[in-house]
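Below is one structure, written out as structure tokens; the observations come after it.
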Amino acid sequence: MGVRAWFGAQPPTPNPQPPTPMKVYLDNSATTAMAPEVTEAMLPYFSEEMGNAQSVHSFGQRAKSAIEKARRRVAALISASPTEIVFVSGGTEADNLAIRGIADAHRDRGHHIITTRIEHPAVLRTCEALEANGFRVTYLPVSRGGLIDPEALRRAITGETILISVMLANNETGTIQPFEEIVQVVSEARESGLAHLHFHTDAVQAVGKIPVDVKRLGVDLLSLSAHKFHGPKGIGALYVRKGTRIAKLLHGGHHERDRRAGTENVPAIVGFGRAAEMATAELETRIARMRELRDYLERQVNSLVSNVAVNGDQDRRVPNISNMSFGGVDGESLLIALDLKGIAVSTGSACASGSLDPSHVLQAMGLSREEVRGSLRFSLSAYTTREEIDYAVSILVETITRLRAMSPADELETVQSI
Amino acid sequence: MYSRQVADHIANPRNAGELDQPSGIGDVSNEVCLDRIKLTVRIEGETLVDAKVKASGCPPTIAAASVLTELIIGRSIQELSLLTRKDVIDALGHLPPAKSHCAVLAIDALRAAIGECR
């Protein structure tokens, strides 16, 4: 046996960890579990109530009636009218339809779009695609807290601007943009003669987490997604204010008042409606519960771990997200180690999810490479419990201690002495 | 995304720490990723008799550092000179292609530690 044979011959060490004692899902900004009530509401529409809502017979009419009931519930969640709701496949399609739909329908009025550096890729990539198509896009910077400056928005608006797209709450930090001031800027621009200026917000992370009222936000278009608040995946909506002209992405039949062709996903729409109804009814209790547990998580981590910072403006955040940077550790190593103990979180660290790009959001906020690398996002749901937070914190402390002890950098304190 | 072996080394790093009065130290880092491996080795005669390692960075870096110690303890200097990043990757099952530089960093640490002893 040669030397080379030996190097490959070592068998993998069996994992000596005991079976995972607890599963704690703290990645609810990625997706949530469906509420049992939602599942129950959907089930008949997979089987006996299988009609195509476009059909004239009774099967079709019952499907149509179920869709319209769901549409009323989704509209009520954001204080819109049912006719202003266009069902689409999710947040990404909603963002694409809003931006491309406005750009295509109003390109004769101008070729300028304003958005921010911290948008979801569904917005950023759509804007980039339009840039390749003759549009000019302004990407507004954000402060250390993750907020845009409404005055910078005001300065960016030109006579050519046809669309402003600013996300309501950020998916990585939970930061809520200053919409009171933004809407002021937008309405002043309109009053000054820019009647064709459209205003869109990606509210995917905000709906179900804070009160969302399209009238108060002053938007023409708003994207939302069901699976972020205990509805099914693969369904979302674009709010299109009455009188707003948008071009279609998908051509075909006259579905969704001729704004989105394709047979309606009836079970998903029904589930979306039920989830929206529950979110409307339970919003205040959910907010109180999530905020209390999120703040408890941060208090515990702050008291037990040294060298930790909360990212994003702490006074303007959705109640379910905490983004923290842990000095001296890599977020992905933390994530993997937590996952082995049954705890699911996400990270802005470079290597996460197969991409080698560190979080564009945290970078835009001006965080150092070290801070971006050590970032973890904890996102709670209406169903998160205190026991789950306690377990997550205990494993987090243990893991950070081990990773910091393993680190060659010896200037770091590990765990605060109490 | 990562192999069971990578996860296991993250959960249970082997030979973590630093040797007192080592024969050689390999302290290397990747400036792009901020990853760092610090390997301390004891060499007696022509044999590497003991090693300890510290590492910071992404999971493959920590796993590569950890598995490296398993691959090198008890081996002759001549055997170690033939060790390549492929051996580290094989010992970890596999690494995503974009992550093979983590195995390179481990080999760099070994070369630096042995080089110091010469």
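The values are calculated or read from the model by the stated rules, or taken from the named source; none is laboratory data. Here the structure is a predicted model, which means the values were calculated and not measured. Positions of Cβ are backbone-derived with ideal geometry, glycine not excepted, and every protein chain shown enters the neighbour counts.
Answer yes if at least one residue in the range A:160-181 is among the small types (G, A, S) and in contact with a Cys (Cβ under 9 Å, 6 or more places away or on another chain), and no otherwise.
Filtering the range A:160-181 for residues among the small types (G, A, S) gives A:165, A:169, A:174.
Checking which are in contact with a Cys (Cβ under 9 Å, 6 or more places away or on another chain) leaves us with A:165.
Yes.
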> For residues in the range A:372-396 being surrounded by fewer than 19 Cβ atoms within 10 Å (Cβ to Cβ) and of a type in the set (D, E, K, R), which is farthest from the other protein chains (Cβ to nearest Cβ)?
Replying inline: A:R386
>> If I filter the range A:285-296 for residues that are over 24 Å from A:P211 (Cβ atoms) and at pLDDT 95 or above, do I get at least one hit?
In response: no
> From the list B:D108, B:D50, B:D90, which residue is acidic (D, E), crowded, with 16+ Cβ neighbours inside 10 Å, facing chain A (nearest Cβ under 9 Å) and more than 27 Å from A:G348 (Cβ to Cβ)?
Replying inline: B:D90
> If A:T126 satisfies every condition in (1) in contact with a helix residue (DSSP H, G or I) (Cβ under 8 Å, 6 or more places away or on another chain); (2) farther than 28 Å from A:I78 by Cα but one, which is the exception?
Replying inline: (2)
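With respect to B:K99, is the statement that it is closer than 26 Å to A:I343 by Cβ, charged (D, E, K, R) and assigned to a helix (DSSP H, G or I) true?
In short, yes.
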> Taking A:E181, is it without any contact (Cβ under 8 Å) to a residue 12 or more places away in the chain and acidic (D, E)?
Replying inline: no
> Taking the range B:17-43 as the region of interest, how many residues are surrounded by fewer than 21 Cβ atoms within 10 Å (Cβ to Cβ) and facing another protein chain (nearest Cβ under 8 Å)?
Replying inline: 2
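Within the range A:277-294, which residues are surrounded by fewer than 19 Cβ atoms within 10 Å (Cβ to Cβ), in contact with a Lys or Arg (Cβ under 8 Å, 6 or more places away or on another chain) and not aliphatic (A, V, I, L, M)? First the steps, then the outcome.
Pass one, the range A:277-294, residues surrounded by fewer than 19 Cβ atoms within 10 Å (Cβ to Cβ): A:280-282, A:284-285, A:287-288, A:291-292.
After this cut, where a residue has to be in contact with a Lys or Arg (Cβ under 8 Å, 6 or more places away or on another chain) as well, the list is A:280, A:287.
A:T280 - this is the single residue of the range A:277-294 that is surrounded by fewer than 19 Cβ atoms within 10 Å (Cβ to Cβ), in contact with a Lys or Arg (Cβ under 8 Å, 6 or more places away or on another chain) and not aliphatic (A, V, I, L, M).
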> In the range B:93-104, how many are more than 10 Å from chain A (Cβ to nearest Cβ) and within 20 Å of B:N12 (Cα to Cα)?
Replying inline: 3
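Check the range A:241-261 and report whether any residue there is within 20 Å of the chain's Cα centre (by Cα) and on the phi < 0 side of the Ramachandran plot. Give the steps one after another, and end with the answer.
Let us first name the residues in the range A:241-261 that are within 20 Å of the chain's Cα centre (by Cα), namely none.
Within the range A:241-261 (the criterion being within 20 Å of the chain's Cα centre (by Cα) and on the phi < 0 side of the Ramachandran plot), the answer is no, since none of the residues qualifies.
Among the residues of the range A:55-74, how many are assigned to a loop (DSSP other than H, G, I, E, B) and hydroxyl-bearing (S, T, Y)?
1
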> Which of the residues belonging to the range B:31-54 are in contact with a strand residue (DSSP E or B) (Cβ under 8 Å, 6 or more places away or on another chain), over 21 Å from A:I336 (Cα atoms) and not charged (D, E, K, R)?
Replying inline: B:L39, B:T40, B:V41, B:I43, B:T47, B:L48, B:V49, B:A51
> How about the range A:90-114: which of its residues are buried (at least 24 other Cβ atoms within 10 Å of the Cβ) and either assigned to a loop (DSSP other than H, G, I, E, B) or among the β-branched types (V, I, T) (or both)?
Replying inline: A:I99, A:I102, A:I113, A:I114
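Being touching a Lys or Arg at 6+ places or on another chain (Cβ under 6 Å) and under 26 Å from A:K242 (Cβ atoms), is that true of even one residue in the range A:177-192? Please lay out each step first, then the result.
The initial filter retains those residues of the range A:177-192 that are touching a Lys or Arg at 6+ places or on another chain (Cβ under 6 Å), namely A:185.
Right, trim to under 26 Å from A:K242 (Cβ atoms) and you get A:185.
Within the range A:177-192, one or more residues are touching a Lys or Arg at 6+ places or on another chain (Cβ under 6 Å) and under 26 Å from A:K242 (Cβ atoms).
So is B:S81 hydroxyl-bearing (S, T, Y), within 9 Å of another protein chain (Cβ to nearest Cβ) and on the phi < 0 side of the Ramachandran plot or not?
Numbers: hydroxyl-bearing (S, T, Y): yes; within 9 Å of another protein chain (Cβ to nearest Cβ): no; on the phi < 0 side of the Ramachandran plot: yes.
When the stated conditions are applied, B:S81 does not pass them.
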>> Of the conditions (1) in a helix (DSSP H, G or I); (2) among the small types (G, A, S); (3) closer than 30 Å to B:T40 by Cα, A:S349 satisfies every one except a single condition; which number is it?
In response: (1)
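With B:G115, B:G57 as the choices, which residue is more than 11 Å from the chain's Cα centre (by Cα), surrounded by fewer than 16 Cβ atoms within 10 Å (Cβ to Cβ) and either at the interface with another protein chain (Cβ under 8 Å from one of its Cβ atoms) or not acidic (D, E) (or both)? Lay out the reasoning, then the answer.
Working: B:G57 fails: surrounded by fewer than 16 Cβ atoms within 10 Å (Cβ to Cβ).
B:G115 is the lone residue from the list that is more than 11 Å from the chain's Cα centre (by Cα), surrounded by fewer than 16 Cβ atoms within 10 Å (Cβ to Cβ) and either at the interface with another protein chain (Cβ under 8 Å from one of its Cβ atoms) or not acidic (D, E) (or both).
Considering the range B:1-16 alone, what residues qualify as being within 19 Å of A:A409 (Cβ to Cβ) and either more than 8 Å from every other protein chain (Cβ to nearest Cβ) or small (G, A, S) (or both)? Outline the logic, then answer.
Start the filter on the range B:1-16 by keeping residues that are within 19 Å of A:A409 (Cβ to Cβ), which leaves B:10, B:13, B:15-16.
Those that are within 19 Å of A:A409 (Cβ to Cβ) and either more than 8 Å from every other protein chain (Cβ to nearest Cβ) or small (G, A, S) (or both): B:N15, B:A16.
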>> Looking for something out of contact with any Pro (no Cβ under 6 Å at 6 or more places or on another chain), assigned by TED's automatic domain parsing to the domain that holds A:G234, among the hydroxyl-bearing types (S, T, Y) and within 30 Å of A:E172 (Cβ to Cβ) - is there at least one such residue anywhere in the range A:118-131?
In response: yes
> Are there any pairs, at least 6 apart or on different chains, whose C-beta atoms fall under 7 Å, with the first in the range A:209-225 and assigned by TED's automatic domain parsing to the domain that holds A:M290 and the second β-branched (V, I, T), and if so, which?
Replying inline: none
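Is one or more of the residues making up the range A:61-70 under 24 Å from the mean Cα position of the chain (by Cα) and farther than 30 Å from A:E151 by Cα? Explain how you work it out, then say what you get.
In the first step, residues of the range A:61-70 are kept if they are under 24 Å from the mean Cα position of the chain (by Cα); the result is A:70.
Going one step further and asking which of them are farther than 30 Å from A:E151 by Cα, we end up with A:70.
Checked the range A:61-70: at least one residue is under 24 Å from the mean Cα position of the chain (by Cα) and farther than 30 Å from A:E151 by Cα.
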>> Looking only at the range A:314-342, how many residues end up being surrounded by 21 or more Cβ atoms within 10 Å (Cβ to Cβ) and away from chain B (no Cβ under 13 Å)?
In response: 8
> Of all residues in the range B:55-74 being outside any helix (DSSP H, G or I) and in contact with a strand residue (DSSP E or B) (Cβ under 6 Å, 6 or more places away or on another chain), which is farthest from B:P97 (Cα to Cα)?
Replying inline: B:I73
> Which of the residues spanning the range A:17-64 are of a type in the set (S, T, N, Q), over 14 Å from A:G273 (Cβ atoms) and in contact (Cβ under 8 Å) with a residue 40 or more places away in the chain?
Replying inline: A:Q17, A:T20, A:N28, A:S29, A:T31, A:T32, A:N52, A:Q54
